[in-house]
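Notes follow once the structure below has been shown.
The values are calculated or read from the model by the stated rules, or taken from the named source; none is laboratory data. If you're wondering where the values come from, they're calculated on a predicted model, not measured in any experiment. We place every Cβ from the backbone using ideal geometry, glycine too, and count neighbours over all the protein chains shown. Ligands, DNA and RNA are excluded from the accessible area calculation, which covers all protein heavy atoms including side chains. Shrake-Rupley method; radii C 1.70, N 1.55, O 1.52, S 1.80 Å.
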Amino acid sequence: MITKKICFIVVFLSFLFGANAQKIDKQGGNTDKVYYVKIETAYGDIVVKLYNETPKHRDNFLKLVKEGTYDGVLFHRVIQNFMIQGGDPNSRNAKKGEMLGNGELGYTLPAEFVPSLYHKKGALAAARQADQVNPEKRSSSCQFYIVQGEKWDAEKLKRVETGMGKSFTKEQAEVYATLGGTPFLDGDYTVFGEVVEGLEVVDKIAAVACGPMNRPLEDVKMKMTIIEK
């Protein structure tokens, strides 16, 4: 009887510490599975990594991808040197010139602001309604944008810090100066992923000709799939 109890305890502890070992590496970092999503467009493919530090946005995005919510919808708002935005369900089969950007799925997500996740070029972030009607800065259920941005030297970045009450680490300042981004959005919109392949595709889409409301004159459709790694 005692032997059986000892065996049970050993097995239980092995399971307990084995499970924890899968989540915590030697440096104490989180090693949960990292998810990647491929966004296919006529201009090429974009692969994004989803951050585990923003689990609500990660899980919601994965759910919508699995359900095919994004298949056939458009990058409906494109501004060069700023960002490309998509995910409006109303954009699927939308007529030419139709105003887009108000489509939702009936819910919002609580903001998940993480200081170390910022608006560098290639950042994947959630769109949302303006502060006046959304003081909690809750995210759209489905609309997102990918940052193109521009490069920011120390003087320009200092003006953002002074004028908007933001602060940037040395690392962030270096990235904004060399890679670029949209630092003025930090802390106001949830960043929940980043482009790991296809930044040149973001540039191509950002450069397309647009009409009213920054909608591309020729539709830029997307299709998404989860990449198993």
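Odds and ends about this structure:
- The condition (being at pLDDT 95 or above and farther than 23 Å from Ile226 by Cα) is satisfied by just one residue among Glu104, Glu155, Glu98: Glu155.
- The C-beta contact set for region 163-175 (first residue surrounded by 10 or more Cβ atoms within 10 Å (Cβ to Cβ), second residue part of a loop (DSSP other than H, G, I, E, B) and of a type in the set (Phe, Trp, Tyr), distance under 7 angstrom, 6+ apart or interchain) comprises Gln172/Tyr118.
- Close pairs (8 angstrom Cβ cut-off, 6 or more residues apart or separate chains): acidic (Asp, Glu) in region 89-105, part of a loop (DSSP other than H, G, I, E, B) and at pLDDT 95 or above anywhere: Glu104/Ser141; Glu104/Cys142; Glu104/Gln143
- Filter result for Val195 (open to solvent by 70 Å² or more (accessible area, probe 1.4 Å) and within 29 Å of Thr108 (Cα to Cα)): no
Let's see how each residue does on (1) open to solvent by less than 30 Å² (accessible area, probe 1.4 Å); (2) basic (Lys, Arg):
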site	(1), (2)
Val37	yes, no
Asp59	no, no
Phe82	no, no
Asn90	no, no
Lys95	no, yes
Leu109	yes, no
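- Hits in region 150-162 - residues which are part of a helix (DSSP H, G or I) and touching a residue at least 12 places away in the same chain (Cβ under 8 Å): Ala154, Leu157, Val160
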